[in-house]
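*Asks:* Take this structure, written in structure tokens, and hold onto it; I'll ask about it next.
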Amino acid sequence: MRKLCRCGQNMNLGFRLVIFENKFQVDRVPILECEECNYYEVLPSFKADVIDLLSQLKEQGESVRVYFTEMNELADVLYGLSSQAAKLDPSAFRVLLEQSCNERINLLLDIYGCAQKLGDTAWMNEIAVRLAPLSKFVKKGQSLSAK
């Protein structure tokens, strides 16, 4: 989960408020930040999702504040574990993250089963969208940060 900053120091996991066009606010966006020089960047694996969300908000046109962790399950799992990120070495944190993702997948699959029994296709589709980033991360062993 750690990466070296351009100043040579380690960057750590954090979450920031992103403000776009002084109108649209997306809070709890996963970032890597350097405490030494205050540089930060959105985690590469979330960048496209943040851009898509900002695009959707711009289309809606209303000034709004949303939580990215409510729009992206992987970001939500990561946010829940963020207090432990600095305490663990990167490989131990990665194992904890994968375990937490698997637990969330199992929970969502249980909810999907309920939606299926009720014949609620809209709910099933919503759950499928929520499962996608988690499944992709676990299945491909995807890294959250660029090397």
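The values are calculated or read from the model by the stated rules, or taken from the named source; none is laboratory data. In this text the structure is predicted, and so the values were computed from the model without any measurement. Reconstructed Cβ throughout: ideal geometry from the backbone, glycine too, with neighbour counts over all protein chains shown.
*Asks:* Sort out for me the strands (runs of 3 or more DSSP E) sitting completely within segment 1-120 that have 1 or more residues that are at pLDDT 95 or above.
*Replies:* The qualifying strands (runs of 3 or more DSSP E) are 10-20, 24-33, 64-67.
*Asks:* So, in segment 90-128, of the ones that are polar (S, T, N, Q) and touching a residue at least 12 places away in the same chain (Cβ under 8 Å), which residue ends up nearest to Asn12 (Cα to Cα)?
*Replies:* That would be Ser100.
*Asks:* While we're looking at this one, here's another question. Would you confirm whether any residue within segment 133-147 is in contact with a strand residue (DSSP E or B) (Cβ under 9 Å, 6 or more places away or on another chain), under 22 Å from Cys34 (Cα atoms) and loosely packed, with under 13 Cβ neighbours inside 10 Å?
*Replies:* Within segment 133-147, one or more residues are in contact with a strand residue (DSSP E or B) (Cβ under 9 Å, 6 or more places away or on another chain), under 22 Å from Cys34 (Cα atoms) and loosely packed, with under 13 Cβ neighbours inside 10 Å.
*Asks:* What number goes with the only condition from (1) crowded, with 18+ Cβ neighbours inside 10 Å; (2) hydrophobic (A, V, I, L, M, F, W, C); (3) under 24 Å from Ala132 (Cα atoms) that Ile51 does not pass?
*Replies:* (1)
*Asks:* Taking the criterion of being in contact (Cβ under 8 Å) with a residue 12 or more places away in the chain, part of a loop (DSSP other than H, G, I, E, B) and basic (Lys, Arg), would at least one residue in segment 132-147 satisfy it?
*Replies:* Scanning segment 132-147, I find at least one residue that is in contact (Cβ under 8 Å) with a residue 12 or more places away in the chain, part of a loop (DSSP other than H, G, I, E, B) and basic (Lys, Arg), so the answer is yes.
*Asks:* Still on this structure: Among Ala115, Ala75, Ala85, which is within 20 Å of Ala128 (Cα to Cα), buried (at least 16 other Cβ atoms within 10 Å of the Cβ) and touching a strand residue (DSSP E or B) at 6+ places or on another chain (Cβ under 9 Å)?
*Replies:* Ala75
*Asks:* Moving to a separate point now. Within segment 8-40, how many residues are farther than 19 Å from Gly80 by Cα, among the hydrophobic types (A, V, I, L, M, F, W, C) and loosely packed, with under 15 Cβ neighbours inside 10 Å?
*Replies:* 2
*Asks:* In addition: Inside segment 9-40, can you point out the residues that are without any contact (Cβ under 8 Å) to a residue 24 or more places away in the chain and under 24 Å from Ala132 (Cβ atoms)?
*Replies:* Ile31
*Asks:* Lys47 versus (1) without any contact (Cβ under 8 Å) to a residue 40 or more places away in the chain; (2) under 18 Å from Arg94 (Cβ atoms): which is the lone unmet condition?
*Replies:* The one condition Lys47 does not meet is (2).
*Asks:* Could you please find all residues in segment 13-26 being under 24 Å from Gly61 (Cβ atoms) and touching a helix residue (DSSP H, G or I) at 6+ places or on another chain (Cβ under 7 Å)?
*Replies:* Val18, Phe20, Phe24, Val26
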